[in-house]
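Accompanying notes for the structure given below.
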Amino acid sequence: MKLPTLQRRSNAHTSLRGPTKGQRQNARSPAAPWAWAGWGSCLGALCALLLFAPAQWLADAVASQSKGLVQLAQARGTVWNGSARLLFTGGEGSQDISALPERVQWTLRPAWSGLHIGLLAECCTPQVLQVSVSPRWAGMRLDLADAQSTWPAQLLSGLGAPWNTLQAQGRLQLQSQALSLEWNAGRMQIAGSAELQALDMGSRLSTLRPMGSYRLRLTGGSNAILVLDTLEGALQLSGRGQWVGARLRFSGEASATAEREAALSNLLNIIGRRNGLRSTIQLG
């Protein structure tokens with residue numbers, strides 16, 4: 001006769017302790033699928049945002065980092081695959097603007113080491129320019145794959161003084177070999193080499209066209225060297241420079257033959273300190 005009493009006491013004790021672990025899990029289980037669905041939706045939205053981020057975001061970043069000197073106008077596509085008109089300007093408040101005749105296309109691909117960039121402009125690059133950007137503890141490193149390209153010299157006019165005054169005309173042929181630039185704690189290290197040929201150059205400051213063709217050679221190392229010489233022409237340019245930290249120190253000379261002095265006089269006055277048929281050039 002006592003057994004029923006014990007059973008009733010056991011049931012009463014169980015009710016005082018509340019639901020068992022199994023009962024609590026069963027009570028929560030109906031909400032679990034909805035929680036996972038919510039997390040999945042958020043993750044999917046984030047992935048979609050990253051994959052289809054508009055190209056204008058990249059254009060805004062380029063303008064901000066270059067302080068307005070380089071701009072990607074009328075950007076289309078996404079951050080990862082897009083195109084835009086490439087503009088050069090004299091910076092904030094400047095009225096000087098120059099642009100490529102055709103749109104520039106790009107691809108961005110993230111990697112463990114940083115970011116791989118591909119650039120193609122039908123007017124200027126016979127093949128895609130490949131650039132790798134890698135972050136460093138106190139800076140960054142930029143590697144350019146060996147390439148050749150040709151650009152209109154008129155682009156320089158958009159960079160402000162003194163290019164907006166010179167209004168250069170001609171072709172700029174760029175060739176690089178194992179070229180890399182690394183910025184670290186305010187210092188710049190250059191490795192590899194590059195050569196820029198300025199061909200059939202002219203200027204609105206001279207009636208002589210072309211004035212000549214010129215070559216700039218960059219050789220990297222512990223102290224990177226920049227050398228300027230003349231390939232041909234009535235305007236003779238020469239000089240030599242060296243990077244100290246992130247600053248270029250350059251000394252050069254511009255001169256004209258006696259029979260061409262009148263046609264090149266205005267240009268010699270702008271290029272440097274005038275001394276007869278010669279002008280001295282000092283940078284840094």
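Bear in mind that the values in this text are calculations on the coordinates, not laboratory data. Since the structure is predicted, the reported quantities are computational estimates derived from the model, not experimental observations. All Cβ positions, even for glycine, are placed from backbone atoms using ideal geometry, and neighbour counts span all protein chains on display.
Assorted remarks:
- Amide hydrogen neighbours beyond the local backbone of residue 90, cut-off 5 Å, H modeled: 96, 160
- P(r) histogram, all alpha-carbon pairs of segment 174-255 included - 10 Å bins from 0, percent: 18, 41, 28, 13, 1
- Applying Stokes-Einstein at 20 °C and 1.002 mPa s to the Kirkwood radius of segment 107-255, computed over alpha-carbon pairs, gives a translational diffusion coefficient of 126 µm² s⁻¹.
- Between residue 142 and residue 282, the modelled labels are 2.9 nm apart [label points 7 Å from Cα along Cα→Cβ].
- Where chymotrypsin sites (Phe, Trp or Tyr not before Pro) fall in DSSP loop in segment 65-144, at most 13 other Cβ within 10 Å: 112, 137
- Gain on full stretching of the segment that runs from residue 261 to residue 123 - 0.36 nm per residue minus C-alpha separation: 46.2 nm
- Sequence ranges 115-123, 201-209, ranked by mean other-Cβ count within 10 angstrom, highest first: 201-209, 115-123
- Projecting label points 7 angstrom from Cα along Cα→Cβ for residue 244 and residue 185 puts them 2.0 nm apart.
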